[in-house]
Amino acid sequence: MIVATTVMAGLGLLAGLGLGLAARFFAVEVDPRQEKILDVLPGANCGGCGYAGCNDFAAAVARGEAAPDGCPVGGAETAVAVARIMGLVVEEKERRVALVLCQGTREVAPSKFRYNGMASCASAALLAGGDKLCRWGCLGLADCQVACAFQAIEITEGGIARVIPERCTACGKCVAACPKDLIKLVPESAPIHVLCSSRDKGPVARKACQVACIGCKKCEKFVGDESMKVEDWLALVDYDHPPRDPAVAGECPTGAIVELHLDAKKPVH
Amino acid sequence: MKFKGGIHPQYNKGTAALPVEEMPLGARYVVPLAQHLGAPGKPVVAKGDRVGRGQPLSEPGGFVSVAVHAPTSGKVTAVKELPHPLGLEMTAVEIEADGEDAWWEGVQPRGAWREMDPAALRDALRDAGLVGMGGATFPTHVKLSPPKDKPIGTFILNGAECEPYLTSDHRVMLEQPREVMEGVGLFMKVLGVTKAYVGVEANKADALDALKAACPPDLDVAFALLEVKYPQGSEKQLIYALTGRTVPAGGLPMDVGCLVQNVGTAVAAYEAIAKGWPLIQRVTTVTGAAIRQPKNLRLRVGTPLGDVLAFCGGLTEDVAKVVYGGPMMGIAQFSLDVPIIKGTSGVLCLPDAEVVQYLADACIRCGACVDACPMGLLPSTLGVLCERDRWEDLEDFNVADCIECGSCAFCCPAYRPLVQLIKRGKAELRRIQKMRQQGAA
Amino acid sequence: MSMEQDKTGASPPEVAAAGGDPPAPPPAKPAPPDKAEPPRAPRLVVSTSPHVHRDQDVPRIMRSVVWALVPGILVGLWFFGLAALQVYAIAVAGCLLFEWAFRRMLGRPGTLGDWSAVVTGLLLAMNLPAGSPWWLVVVGCLAAIVLGKQIYGGLGYNPFNPALVARVVLLVSFPVQMTTWPAQGGPLTVDATTAATPLGAIREALSVGQTVPQAMAGADFPVWKLLVGMRGGCLGEVSVIALLLGGLFLLRKGHIKWQVPVGFIATVFLFTGAAWLGDPERYANPLYHTFSGGLFLGAFFMATDMVTSPVTRRGMFIFAVGCGLITVIIRLWGGYPEGVSFAILLMNAATPLIDRYTKPQVFGAKRKLYEEAKAA
């Protein structure tokens, strides 16, 4: 009994000594600022910054490789906090949210065939561009939803993706996941959006979807400035100087332009 | 020699007994400029032009490219984006037939192939717009121009027709054995080879006999009946079965001194030289339980699918899938506005009850696909890696060697869409490798 | 894990999940006259090739396994009587119930239709002593379905054989109940006296200082009795002949590959044979080892579980040999008289490793052949 106890105690002592020595001799120099930065980061490890998790990003900032406002999830507050640790000043940027630029539900956008295969947009898009007659539209197979680490995307009853603005952290994962490039990060205060990405000619677009932008330029004429422009049969909002007059939505003959208040609710993190 | 793996699907070759029927001339033809692997051609006609039968409508868009020709005489009504069997809209020449079907004056016999120069033959085949007619549609003249360090010593005629349902090659071998064998001789002449093999699956012994009887005495040809197993007609498997040579992984038949051509291509090559005909017609099997009168048809390239189906009595009410090609590797169509193209070996019409419903269930690791894969791959693992977006790991599992024959998905008891998964994986990996190369450069 | 799940097993119900028809377009509202005509449901299906399929699916494979188990089940019922029937009934019902309840709880599509829960239930019952109390069986079902399978994501994702996970959980948690072997009392037995298993008898004799030949003389288990199944043991493991019958059926159907049972049984035979030749006083003869314990049940029905064994033939053989070696080591020198379950579970854990090192050779990888061809 005594022997056993002594042996175990001895082993413990030995192991403890070993660990202690290892900690001393193999210690990795860590910039103290890295830890401080890590503390103010959201800790979601989403990778939205382009680094492998928050710690990696913090290290990059501490090394001076990444900008203090590189965390899209934390937004302005985090950027300011990180900048303070680094002794820098950042301009406050407006919060952005992801927006799916398609509202072609199954009801208004017919399909050209019945798809059978992997429940993945990217896979489905390889077969004749997807089952929708509109080759630009949302396939609703949830690649963006799967990519989102914040459960901020839902597939609506109409079978298309929708971002839940109050959950969105603008990490950009969904933007990269969409094979149709339908998702855009927009400033939350912009009130007017063109929820269509079809660059088909008007009649073609209209046939493929009842709520398509047909490139009629009514909106362009209505706003009368650079804030909206039609390119390749598609109206685009200049999000650096977005139109503010909600009446422009009423001008759109197909309802592709809508008024949306993405900042109605603040993030709930 | 028997290759490893492979499957035994139901062959359903009920149309094998039906002689080839000539499809009557239609009113409208649509000839896409891209009907081959490689760069699409550039149009040389415009709306309003009158064209003769066999007149070129385009010029090749590069070395790996061929022209397309007018299937009949008539007027060009449009050169625009039209539905293409690949599922997209692509530039095509629309022709309104004048009903006279008059040959273009440029269509003239090129002479006797035995007396012609190989290079001249090859150019003539290129000008005739010849592509591999088994379905891959690789330009024939490119295949016939091997690099100097890879000399071809053996020519192989592919008469396996291992795809279920299809009988067009079978009928061609039975009905035009002389043309087929002359085509073989012609290819041998172009390549300067003295030895040829003809491989036919054992369920078509009558076709092999016909070819044997029609073989010109001056050709050294070995005839072989092959095991009835899919994918016997795949180049690498066919070469192995006939010669025992193994095309190296990632390599081409020319790496073992072989060149394979399809039966239909041989006939087209012979006709291109002996009669001067460009590739404007082919034999296509229209079959399946959802077509009222299955037929083997001789069709003009560019015939709208709707016309073909109507000529075969139309589709049944319960039709649910229309496939270009065979059931193992064919492409499902959603529109009946697409035309027949050079590579359309068959049109398979399946009723609702026969449509495979792929599921996204988990792999149960039964290993059926591993046994079935003729390329010695692990389709189950490839599928799982693709499902999880682990594209770079695919490299270790030799995904590039997959021939997309569909044997794995055919026997998967979990009905996983393995070909779809792997096709996507191959594309993603190619993209990554390209990026890597650019990064290195 | 959950994200992968979403992509494969359970796609969101609203979207056109693979397999199912795309969602029926919601009933078209009467469109205003100036709007485009309401979409028509398309007729044609588009998928990647191939467009034909072998006449085979997972439920059918599982049902074949059930059929293959029938002879073994019947023999068990004949020898152990109604007590066995109770175990079978509770095990199958319990597994189905837990499978249903757990999937429902997680909001995943039901999987009762794939018959895998039935197979798990039957195999679990076959691995329990006749007359196991009802609660033991229920705990076993919970361990098999939830701990052994569903927490990993369900059929296909589980690294270990669910029935064996349950058996081992029970064996270490309730050693008394799990090693109380009722004697075979005939079809109407409800409550029986206990009896020894062939391997248990030897173990016991050795522990009181007897030699193996002495023990075997006392235990009275001639080979024919072992073959027929007249001996103590788990419900489904006793009759070698019945199990062999079912196993041959599965081999013929192609659902199991010969590499597994042959590799497993041959290894046990050869290894125990070597031990026996070395010291017949200490080790029982190889026939005795081969035909007793759970070897045939394990080799034909448990080690062959597709999900948890390697995918290549070569891998399967290595896996089976490993199972055989571990089984014998446990039987001869381990703490338990029987080691089949532990052996299979341990080799289950090694399966990914075996898969990694038994990748088949790609067509055309044999450079030599190709060089030869070029020379020729």
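If you go through the stretch B:316-344, how many residues are surrounded by fewer than 24 Cβ atoms within 10 Å (Cβ to Cβ) and in contact with a helix residue (DSSP H, G or I) (Cβ under 6 Å, 6 or more places away or on another chain)?
Number of matching residues: 3.
B:Leu86 is checked against (1) in a strand (DSSP E or B); (2) in contact (Cβ under 8 Å) with a residue 24 or more places away in the chain and fails just one. What number does that condition carry?
(1)
I want to confirm something. Restricting to the stretch A:177-209 and keeping residues that are farther than 24 Å from A:Leu262 by Cα and in contact (Cβ under 8 Å) with a residue 60 or more places away in the chain, which single residue is farthest from the chain's Cα centre (by Cα)?
Result: A:Lys207.
Taking the conditions exactly as written (under 27 Å from B:Ser58 (Cα atoms) and either in contact (Cβ under 8 Å) with a residue 60 or more places away in the chain or out of contact with any Gly (no Cβ under 9 Å at 6 or more places or on another chain) (or both)), does B:Lys148 satisfy them or not?
Spelling it out, it is not the case that B:Lys148 is under 27 Å from B:Ser58 (Cα atoms) and either in contact (Cβ under 8 Å) with a residue 60 or more places away in the chain or out of contact with any Gly (no Cβ under 9 Å at 6 or more places or on another chain) (or both).
Restricting the search to the stretch B:1-47, which residues are among the small types (Gly, Ala, Ser) and under 21 Å from C:Pro50 (Cα atoms)?
B:Gly5, B:Gly6, B:Gly14
Can you pull out the residues in the stretch A:84-130 that are facing another protein chain (nearest Cβ under 7 Å) and of a type in the set (D, E, K, R)? Let's see the steps before the verdict.
Initially, the stretch A:84-130 is screened for residues facing another protein chain (nearest Cβ under 7 Å), giving A:106-107, A:110-120, A:122-123, A:126-129.
Answer for the stretch A:84-130, where residues must be facing another protein chain (nearest Cβ under 7 Å) and of a type in the set (D, E, K, R): A:Arg106, A:Glu107, A:Lys112, A:Arg114.
Looking at (1) closer than 26 Å to B:Asp307 by Cα; (2) in contact (Cβ under 8 Å) with a residue 60 or more places away in the chain, which is the only condition B:Lys47 fails?
(2)
Would you mention how many residues in the stretch C:309-323 are buried (at least 24 other Cβ atoms within 10 Å of the Cβ) and assigned to a loop (DSSP other than H, G, I, E, B)?
3
Kindly indicate which of B:Ala39, B:Ala34 is surrounded by 15 or more Cβ atoms within 10 Å (Cβ to Cβ), within 19 Å of the chain's Cα centre (by Cα) and over 20 Å from B:Arg300 (Cα atoms). Even if it seems obvious, please write down each step before you answer.
On the way: B:Ala34 fails: over 20 Å from B:Arg300 (Cα atoms).
Residue meeting the stated conditions: B:Ala39.
List the number of the failed condition for B:Phe63; all other conditions in (1) in a strand (DSSP E or B); (2) surrounded by fewer than 14 Cβ atoms within 10 Å (Cβ to Cβ) hold.
(1)
Tally the residues that are over 25 Å from the mean Cα position of the chain (by Cα) and either of a type in the set (Phe, Trp, Tyr) or in a loop (DSSP other than H, G, I, E, B) (or both), restricting the search to the stretch A:20-63.
8
Quick one: C:Tyr288 ticks every box in (1) buried (at least 20 other Cβ atoms within 10 Å of the Cβ); (2) within 24 Å of C:Asn348 (Cα to Cα) except a single one, so which number is it?
C:Tyr288 satisfies every listed condition except (2).
Suppose we filter A:Cys138, A:Cys134 for residues that are assigned to a loop (DSSP other than H, G, I, E, B), closer than 22 Å to A:Ala170 by Cβ and in contact with a Cys (Cβ under 9 Å, 6 or more places away or on another chain); which single one remains?
On the way: A:Cys134 fails: closer than 22 Å to A:Ala170 by Cβ.
Being assigned to a loop (DSSP other than H, G, I, E, B), closer than 22 Å to A:Ala170 by Cβ and in contact with a Cys (Cβ under 9 Å, 6 or more places away or on another chain) holds for just one of A:Cys138, A:Cys134, which is A:Cys138.
Yes or no, residue by residue, for (1) more than 17 Å from A:Leu101 (Cβ to Cβ); (2) crowded, with 24+ Cβ neighbours inside 10 Å; (3) polar (S, T, N, Q):
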| position | (1), (2), (3) |
| --- | --- |
| A:Glu157 | yes, no, no |
| A:Arg162 | no, no, no |
| A:Val175 | no, no, no |
| A:Asp181 | no, no, no |
| A:Ala190 | no, yes, no |
| A:Phe222 | yes, no, no |
| A:Leu234 | no, no, no |
| A:Val237 | no, no, no |
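Scan the stretch C:139-159 for residues that are within 14 Å of another protein chain (Cβ to nearest Cβ) and buried (at least 19 other Cβ atoms within 10 Å of the Cβ) and report the count.
Selection size over the stretch C:139-159: 8.
In the list B:Leu238, B:Leu259, which residue meets the criterion of being more than 11 Å from chain C (Cβ to nearest Cβ), touching a strand residue (DSSP E or B) at 6+ places or on another chain (Cβ under 6 Å) and outside any helix (DSSP H, G or I)?
The conditions single out B:Leu259.
Residues B:Gly383, B:Gly376, B:Gly326, B:Gly343: which one is facing another protein chain (nearest Cβ under 7 Å) and not in a strand (DSSP E or B)?
B:Gly376 is the lone residue from the list that is facing another protein chain (nearest Cβ under 7 Å) and not in a strand (DSSP E or B).
Values quoted throughout were computed directly from the atomic coordinates according to the rules given, and no laboratory measurement underlies them. Treat the numbers as computed from the prediction; the structure is a model and nothing was measured. Please note: Cβ atoms are built from the backbone with ideal geometry, for glycine as well, and neighbour counts cover all protein chains shown.
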